[in-house]
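These notes concern the structure reproduced below.
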Ligand SMILES: Cc1cc2nc3c(=O)[nH]c(=O)nc-3n(C[C@H](O)[C@H](O)[C@H](O)COP(=O)(O)O)c2cc1C
């Protein structure tokens with residue numbers, strides 16, 4: 001397969017929440033996780049673990065927890081209230097994933113790391129885990145696979161523990177559904193650089209960013 005240019009990969013990797021059933025071969029799963037582990041991480045401690053869930057019963061059990069968490073986070077009235085068609089499409093996709101996490105994507109990767117207590121610990125650990133997730137998503141894109149970083153399950157993490165057999169000291173950071181899709185990759189909707197960038201100090205525009 002021809003490899004995508006790095007910038008094209010970055011610019012066209014968006015959250016995709018609808019999947020085809022084709023299984024992701026284990027060699028590719030290993031490659032995606034290898035890419036994830038190339039991310040920067042505090043003290044090179046590499047405190048991550050990845051649980052690749054391909055088994056349909058296990059996916060269903062994990063997806064059920066996600067569905068309950070999603071239903072609590074986002075009642076259907078939320079979707080009905082959105083009038084902007086693009087925003088509606090995005091949120092409809094999120095609702096779709098809420099209902100199908102356990103049945104549609106052929107692969108779920110649960111990304112794990114150490115639990116933290118202080119806000120400092122939690123931020124530095126998250127700053128280590130999430131770059132790995134982004135590497136994983138970019139690698140998936142390069143292999144023609146779609147995915148989505150999700151965290152909505154977190155309030156119900158306790159229900160995942162027995163399903164995944166998680167040791168007490170391990171926390172979950174994301175559930176990433178991965179698979180082939182018929183959805184379109186990129187472009188993404190983002191605020192322009194000039195709106196989010198300052199030069200030298202807060203409030204001063206960076207020349208050339210409009
Ligand atoms: C920390 C974080 C948590 C997220 N959690 C969820 C989630 O639980 N469910 C979901 O469908 N999308 C989730 N997303 C995806 C965002 O909704 C998505 O990145 C955002 O809407 C921008 O869309 P795009 O990635 O397609 O450009 C999450 C993204 C991040 C960074």
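Nothing in this text is a laboratory measurement; each read-out follows from the coordinates by a stated rule. Computed from a prediction, not measured in an experiment: that's the story for all the values here. Heads up, the Cβs are rebuilt from the backbone with ideal geometry, glycines too, and the neighbour counts pull from every protein chain shown.
Below are the figures for this structure:
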| quantity | calculated |
| --- | --- |
| Compactness index (Cα Rg / 2.2 N^0.38 Å), the range 112-169 | 1.32 |
| Cα-based Rg of the chain normalised by 2.2 N^0.38 Å, two decimals | 1.08 |
| Cα→Cβ-extended label distance, 7 Å offset, between residue 204 and residue 8, nm | 3.9 |
| Debye log10 I(q)/I(0) at q = 0.20 Å⁻¹ for the range 63-134, Cα point scatterers | -0.96 |
| Values of log10 I(q)/I(0), in the order q = 0.13, 0.17, 0.21, 0.23 Å⁻¹, for the range 89-210 under a Debye, Cα-only, solvent-free model | -0.72, -1.03, -1.23, -1.32 |
| Cα centroid separation, the range 54-98 to the range 1-24 (Å) | 21 |
| Label zone at residue 38 (point 7 Å along Cα-to-Cβ), backbone N below 18 Å, the range 1-28 | 1-13, 27-28 |
| Residue 195 versus residue 119: modelled label distance in nm, points set 7 Å from Cα along the beta carbon direction | 2.8 |
| Virtual spin-label span in nm between residue 149 and residue 96, 7 Å along Cα→Cβ | 2.2 |
| Under 18 Å from the residue 86 label point (7 Å along Cα→beta-carbon), backbone N, the range 1-21 | 11-17 |
| Burial order of peptide ranges 151-157, 116-122, 137-143 (average beta-carbon count within 10 Å, highest first) | 137-143, 151-157, 116-122 |
